[in-house]
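K.L.:
Below are the structure tokens for one structure; questions will follow.
Laboratory data are not the source of any read-out in this text; all were calculated from the coordinates shown. The structure presented is a predicted model; accordingly, all values stated were derived computationally and were not measured. FYI the Cβ positions are ideal-geometry reconstructions off the backbone, even for glycines, and counts take in every protein chain you see.
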Amino acid sequence: MGETPHRSADAGTGGHTVTSSHQWPAGASARVAETPVSGRTPGGDGLGGGGGLPRRQAFGTERAFRGLTLAAGALVLVIIVAIAAFLIAKAVPALQANSESFWTYEGWFPNDNPPKFGIAALAFGTVLTAALALLMAVPVALGIALFLSHYAPRRLGNALGFLIDLLAAVPSVVFGLWGRDYLVGPVTDLSVWLNTYFGWIPIFGGDGPYGNSILLGSLVLAIMALPIITSLTREVFLQTPTANEEAALALGATRWEMIRTAVLPYGRPGVIAAVMLGLGRALGETIALALTLGSTYAISFNILESGGNTIAANIANRFAEANDTGRGALIASGLVLFAITLLVNIAARAIIYRRREFTESAA
Amino acid sequence: MAKRIDASNVTAYYGAFKAIEDINLTVEPKTVTALIGPSGCGKSTFLRSINRMHEVLPGARVEGSLTIDGQDIYDRDVDVTAVRRMIGMVFQRPNPFPTMSIFDNVVAGLRLNGVKKKSVLAESAEKALRSANLWDEVKDRLGKPGAGLSGGQQQRLCIARTIAVEPQVVLMDEPCSALDPISTLAIEDLMFQLKDKFTIIIVTHNMQQAARVSDRTAFFSIEKTGDPGRLIEYDNTQKIFSNPSVKKTEDYITGRFG
Amino acid sequence: MTTSTLTSHRPRPPAQPATLRTRRLPRWVAPAIGVAALLIAAAVVYGAGIGGPVLVVVLGALLYLAGLFAAANAVEGRRSARNRTWSALIHSAFVLAVLPLASVVWTLVSKGAERLDGNFFGTSMNNIGARDANGGAYHAIIGTLEQVGIATLITVPLGLLCAIYVVEYGRGRFAFAIRFFVDVMTGIPSIVTGLFVLAFWVLVVSPVFNDGRPGFSGFAAALALSVLMLPTVVRSTEEMLRLVPAPLREGAYALGVPKWKTILRVVLPTALPGIVTGVMLAIARAAGETAPVLLVAGGGAAINFNPFENNQSSLALFVYQQAGDASKYAPARAWTAALTLVALVLVLTIAAKLLARRNRLGR
């Protein structure tokens, strides 16, 4: 029986049976029936030598079940490909009908004859609002997460952390509604103030009107992303091994130095992941921005004047009135959004995976 | 370098729970002192109260007086971080910083103290690693992750990290309990060398280890679960293991209890 | 190792303090700096007439941080000064974030309570004109429940199978690709999934059953929501399956139970509470999505129980539509619907968290 743990360890982790699954039906019953030695041979040679009867019996179900799970797994790839394929298929006719350059034209008149629409201003607005939102949200979110995990008394930290988790679940439409109804006033005041005293800085320039501006939109986005990023990073910071925190303290570190030596480096991959998730949400956020932005089609760095637009908000705002070409144009803009988020995501995952490998080989 | 530690009437709490009571003991400079006793008798708590790591846990506090060369460790004007720099600590499980290389681990304490010069760091790192008997094993891979070493090497890395800041006292909380016999032997050898320079206090469950490495041994015990731990006997190691003066110590040493 | 290396240390240890005692800032200093900072800020702001109380607080906070750093740096040294300043920054991040989040919650509850009556939950918006004060979200609630229910029915089996493949069977590049793209899929914006279902189901597939007309329906919304839920369900299930201890599987294999049966009878039930938690969180998120429903279910004012035919609304979409409505009674309806939606989402989230907590204790 001495061999048993080895064999079952192989089986328990899925073992070698998977890569060789086509040749070997490999019902577990067949494997169990074998001699202990065979379970350790890597190629699966031993499996065929097992009892014929149990193998045949397990053939159908085991293989069918594996096939089913494989199909479900493959569906993920199919969906990703299908999203790209269908969006392209619907976008191409509209793009062909477009009488202006899709990449540079600043305007959106796909229902006209001939149709004119361009992605430039929308893509610019999408990236600008998301970047501004993260710029405001991430430092604050990290601060709160550290406060909850390492500064607040444990009970208070847990209770507030639970509240933050709940706020992270609040749908974005609620933040949008709040921003449109209640944040407009303060933001308008702030805009006037900034314009009065800092109007010489181009982003704070302009003559108004203020209110439904990029500033408002990115503030709403920031407030919306804040609980999400906080909740994730708090979790990450809480997972710092106590042993490492104590090691830093025992070296004579102050609390902040302990955080810098033990907590932040350990949590870095998790923080990057959280920020990227926040960025993904901000880039794709539709309703909160459809409710707060001024919906113009010009590229401008001015963040105070009413205006600004994003791909997603534009889709929500223009969908109802769109004819066939209009829909195609919106789908084409969605395709660009899809590409942007895909790039951001793949880049983020690549960073995280590389870092994870480092820490895993290290751990 | 080494300093003397005096504890008088030290009592430590975790919230309402009293973990140790009225510990009185003096640790001489440049000696190895072993703290032994059954599980839960408070020897680790006492050890952690010496460099004020005890108070890191929520609700934990210490009463009584602990001094190092006459300076009260718990004085209100004392900087905790200065205490911990003066009294280093090695933990039960090796705990190198997982995101740092071997080199960065060793000099972590120096960097905290504002040492930035590359040459000084390199020199100190080599010295500490040599002192921890680890230099020859890692000198070619100082840039590799510290957590990639074996358990015994990791623990010696942690010792190197602790002595790199050149403390006066080194506390070791069961430093070998997670290690294999060969690594344990390596660390015991190391303790012999280190006591030329440092005062060492070690908590151990392993009585052979206490007998091998220490000059003085303190035996802690509790009456029953939930009672505070007390110091039963404190004497030269040889005396404790050959001719203890308290019956309870003898019972524990001979394996009749604990 | 010789003793020579031990004795060759430099005469002065680099990091050792000569004494344990340090000069410390007396307790009254920090509050005093705070008061002074506020006074100076008030004098500057009102003296120059450049703003109001908000600016005083902001400027005061900045002055306080600077003053604290300077004082601590002078008395206690740089390390302690840094520690204090970061601590103050982290605390102020928390205070800064509480204001808007508390405002959102307060507005939601106070405004939402306005129309919290039987009429709201018992009627639809059919035949409700701009001057009618009543009208409710009955149709939207039905829509949300049906769409989310169908999406769950689609997602859960697929997600479980996919996770089982990744954890139990998948090896090599293909399984890695699936894991990677599941991660990437979490970042796809909801509006893109809406466009995908629009391009795939509404405009291409459903016209086949629908006399060639595009088939906006609750089912299409459910499809879009399941594309959103799938990665969340897969990821959480995957994590839970990995937590199932290997000895449990080994015990089953040792009894001669085939692998598929072991997975279904032993592994899944063990991981079930965690899986349910993940599914509930995914449902909560899907229930709050507006954009996909807007694109593919079309909305609608009347009650429609049939998710497969004709337009359907949802709570989130109802909020958005009411927010855009010109009627003076619309905002109240929007806030009450938002409150209802948040209540639904929070009940799901809290239940999921409690379940997870109990599960954690059980482990």
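K.L.:
Averaged across the residues of B:54-63, what count of C-beta atoms belonging to other chains lies within 10 Å of each residue's C-beta?
P.N.:
That works out to 1 on average.
K.L.:
Right, another one. I'd like to know which of C:185, C:139, C:156 lies farthest towards the positive end of the charge dipole of the range C:91-235, counting +1 on Cβ of Lys and Arg and -1 on Cβ of Asp and Glu.
P.N.:
Highest projection toward the positive end goes to C:185.
K.L.:
Students often get this wrong: which residues of the range B:30-50 have the backbone nitrogen under 16 Å from the point 7 angstrom along Cα-to-C-beta of residue B:92?
P.N.:
B:35-49
K.L.:
Another question, if that's okay. Classify the range B:142-258 from the C-alpha gyration tensor, please: rounded if a/c falls under 1.5, else prolate or oblate depending on whether a/b exceeds b/c.
P.N.:
Here the range B:142-258 falls in the prolate category.
K.L.:
Oh, and also: Note down the net charge around residue B:109, summing +1 for each Lys or Arg and -1 for each Asp or Glu among other residues with Cβ under 14 Å from its Cβ.
P.N.:
+4
K.L.:
Mind listing which trypsin sites (Lys or Arg not before Pro) in the range B:140-203 are in a DSSP loop and have 16 or fewer other Cβ atoms within 10 Å?
P.N.:
Answer in residue order: B:141.
K.L.:
Turning to a different aspect of this structure: Any idea how far apart residue B:24 and residue B:140 come out in nm if each label point goes 7 Å out from Cα toward Cβ?
P.N.:
With each label point 7 Å from Cα toward Cβ, the separation is 5.7 nm.
K.L.:
Sort B:50, B:200 so that the residue with the fewest other Cβ atoms within 10 Å of its own Cβ comes first and the one with the most comes last.
P.N.:
With the sparsest Cβ surroundings first, the list reads B:50, B:200.
K.L.:
At 0.36 nm per residue, and after removing the present C-alpha to C-alpha distance, how many nm does the segment from residue A:101 to residue A:61 gain when stretched out fully?
P.N.:
Once the chain is fully extended between residue A:101 and residue A:61, it gains 8.8 nm.
K.L.:
Output ³J(HN,Hα) for the range A:272-278: one whole-Hz value per residue in order, computed from phi by the Karplus curve 6.51 cos²θ - 1.76 cosθ + 1.60 with θ = phi - 60°, and x for Gly and Pro.
P.N.:
Using θ = phi - 60°, the values come out as 4, 4, 5, 5, 5, 5, x Hz.
K.L.:
Apply the Karplus parameterisation 6.51 cos²θ - 1.76 cosθ + 1.60, with θ equal to phi minus 60°, to every residue of the range A:195-201 and state each ³J(HN,Hα) to the nearest whole Hz, in sequence, with x for glycine and proline.
P.N.:
Listing the rounded values in order: 5, 5, 9, 10, x, 6, 7 Hz.
K.L.:
Pop out the ³J(HN,Hα) list for the range A:97-111 in order, Karplus 6.51 cos²θ - 1.76 cosθ + 1.60 with θ = phi - 60°, rounded to Hz; leave Gly and Pro as x.
P.N.:
Residue by residue, the range A:97-111 yields 6, 4, 9, 10, 6, 4, 7, 10, 5, 9, x, 8, 10, x, 7 Hz.
K.L.:
Further question: Over chain B, one equal point on each Cα, no solvent: what is log10 I(q)/I(0) by the Debye formula at q = 0.07, 0.08 Å⁻¹?
P.N.:
Debye curve over Cα of chain B, log10 I(q)/I(0) at q = 0.07, 0.08 Å⁻¹: -0.24, -0.31.
K.L.:
On to the next question. If R0 is 45 Å, what FRET efficiency do you get for residue C:50 and residue A:235 from their C-beta distance, rounded to 0.05?
P.N.:
Step by step, r from the Cβ atoms, then E = 0.60.
K.L.:
Once you put a point 7 Å from the Cα of residue C:32 and another 7 Å from the Cα of residue C:153, both along the Cβ direction, what distance in nm separates them?
P.N.:
Between residue C:32 and residue C:153, the simple spin-label model gives 7.3 nm.
K.L.:
Based on the Cα atoms of the range B:1-117, what semi-axes does the equivalent ellipsoid have, where each is the square root of 5 times one gyration tensor eigenvalue, given in whole Å with the largest first?
P.N.:
26, 18, 15
K.L.:
Which order do A:213, B:119, A:300, B:8 fall in if you start with the one that has the fewest other Cβ atoms within 10 Å?
P.N.:
Ordered from fewest to most neighbouring Cβ atoms within 10 Å, A:213, B:119, A:300, B:8 come out as B:119, B:8, A:300, A:213.
K.L.:
Tell me the mean residue ellipticity at 222 nm calculated for chain B from its helices only (DSSP H runs of n ≥ 4, each -39500 (n - 2.57), averaged over every residue, nearest 500).
P.N.:
-9500 deg cm²/dmol
K.L.:
Among A:301, A:124, C:318, B:46, which comes first, then next, by fewest other beta-carbon atoms within 10 Å?
P.N.:
Exposure proxy ranking, most exposed first: A:301, A:124, B:46, C:318.
K.L.:
Moving on. Please report, in debye to the nearest 20, how large the charge dipole of the protein assembly as shown is about its Cα centre when each Lys and Arg carries +1 at its beta carbon and each Asp and Glu carries -1 there.
P.N.:
So the dipole magnitude of the protein assembly as shown works out to roughly 1600 debye.
K.L.:
Using 1/(1 + (r/R0)^6) with R0 = 35 angstrom and r between the beta carbons of residue B:185 and residue B:225, what's the FRET efficiency to the nearest 0.05?
P.N.:
0.55
K.L.:
Also: Gain in length, residue C:74 to residue C:357, computed as 0.36 nm per residue apart minus the alpha-carbon separation, to one decimal in nm?
P.N.:
97.1 nm
K.L.:
Nearest 5 is fine: what % of DSSP beta bridges in the protein assembly as shown come out antiparallel, could you say?
P.N.:
60
K.L.:
Same structure, new question: Whole Å is fine, so just give me how far the alpha carbon centre of the range C:215-240 lies from that of the range A:280-307.
P.N.:
27
K.L.:
If you don't mind, another one. For residue C:133, what is the net charge nearby, where nearby means another residue's Cβ is under 10 Å from its Cβ and Lys, Arg count +1, Asp, Glu -1?
P.N.:
+3
K.L.:
Between B:88, B:187, B:135, whose Cα lies farthest towards the positive end of the dipole of chain B when Lys and Arg beta carbons carry +1 and Asp and Glu beta carbons carry -1, centred on the Cα centre?
P.N.:
Positive-most Cα among the choices belongs to B:135.
K.L.:
Under a 5 Å amide H to amide H cut-off, with H placed in plane at 1.01 Å, what residues pair with residue A:308 once short-range neighbours are removed?
P.N.:
Hits under the 5 Å cutoff: A:294, A:295, A:296, A:298.
K.L.:
Could I ask something else about it? First select every other residue whose beta carbon is under 10 angstrom from the beta carbon of residue B:69; then total the charges, Lys and Arg +1, Asp and Glu -1.
P.N.:
Residues close to residue B:69 contribute a combined charge of +1.
K.L.:
Something else now. Check which residues have an amide H placed less than 5 Å from residue B:60's amide H, if you skip close sequence neighbours.
P.N.:
Long-range HN contacts for residue B:60: B:15.
K.L.:
Distance check, please: which entries in B:127/B:197; B:144/B:197; C:111/C:353; B:18/B:248 exceed 20 angstrom between their Cα atoms?
P.N.:
Over 20 Å Cα-Cα: B:144/B:197; C:111/C:353; B:18/B:248.
K.L.:
Using a 7 Å offset from the Cα along the Cα-to-Cβ direction at both residue A:68 and residue C:109, what is the distance between the two label points in nm, to one decimal?
P.N.:
4.7
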